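Please read the structure below before turning to the comments.
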Amino acid sequence: MFKVSRKSEYALIAVQHMSRLPADAVVSVAELAVAENIPQDILAKVLQGLKRAGVLSATKGAGGGYRLSRPVHEMRFLDVVRPFEEQIAVVSCHGLPSVAICERTDGCGLRDPMAVLNAFVVRQFESLTMEVFLNPHVFLRAPARLSVGLTPEARSTAASEARAAADGARTAAANVRMAAGEPHPPATSRAAAPT
């Protein structure tokens, strides 16, 4: 199961801290470590990882430090955590090939449904902006929570996936009823959902 690592937590804290600074301000590793109570040696490695990932830019020399390379509304949650995560998967059988496979893999009836769930979760992470992540009150108060902070393409994809999942669930239920010998309910016409 995906769990945010300690380095990812430090990366998120660093981005949050820098998002509160003026756009041209830089912060040194030492200043950030003290301000956020993070071990400086680990923080230095995290900030270097974020720089390699293009999340941060660095200024060398006296008065140097790190700053965000772009505004948080242009940054994705996965941009910040992916450099520090071995896998982003709901279950280990859908993570990296190096991850030990479950002993039930060959006969597991949940492998394909879990692949769908994993793909859905990863897409949600891919579409989550750091602006929304760092301002949860905006997301939590919104009436249409699934569309807040998503790109228009992600909103469209999420709506399509929801419709496909509902259609798949209806088909699966019908197949179960037929396998059990139950009569098949009459087909109902379903109006096309707006996209």
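The values are calculated or read from the model by the stated rules, or taken from the named source; none is laboratory data. For clarity, every value in this text was computed on a predicted model and none was experimentally measured. For neighbour counting, all protein chains shown are included, and Cβ atoms are generated from backbone atoms with ideal geometry for every residue, glycine included.
Let's see how each residue does on (1) in a helix (DSSP H, G or I); (2) touching a Leu at 6+ places or on another chain (Cβ under 7 Å); (3) within 22 Å of GLU74 (Cβ to Cβ):
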site	(1), (2), (3)
SER8	yes, no, yes
ALA14	yes, yes, yes
MET18	yes, yes, yes
ASP24	no, no, yes
LYS51	yes, no, yes
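Scanning region 116-159 for residues that are at pLDDT 80 or above and among the aliphatic types (A, V, I, L, M) gives VAL116, LEU117, ALA119, VAL121, VAL122, LEU128, MET130, VAL132, LEU134. So which of LEU68, LEU78, LEU50 is hydrophobic (A, V, I, L, M, F, W, C), at pLDDT 80 or above and more than 18 Å from the chain's Cα centre (by Cα)? None of the others qualify; the one that does is LEU68. You will find that of ALA33, ALA11, ALA53, the residue that is within 30 Å of VAL116 (Cβ to Cβ), among the small types (Gly, Ala, Ser) and surrounded by 18 or more Cβ atoms within 10 Å (Cβ to Cβ) is ALA11 and no other. If the condition is being modelled with pLDDT of 90 or more and hydrophobic (A, V, I, L, M, F, W, C), then region 81-96 contributes VAL81, PHE84. Only one of the numbered conditions (1) among the hydrophobic types (A, V, I, L, M, F, W, C); (2) crowded, with 17+ Cβ neighbours inside 10 Å; (3) more than 24 Å from the chain's Cα centre (by Cα) is not met by LEU21, and that is (2).
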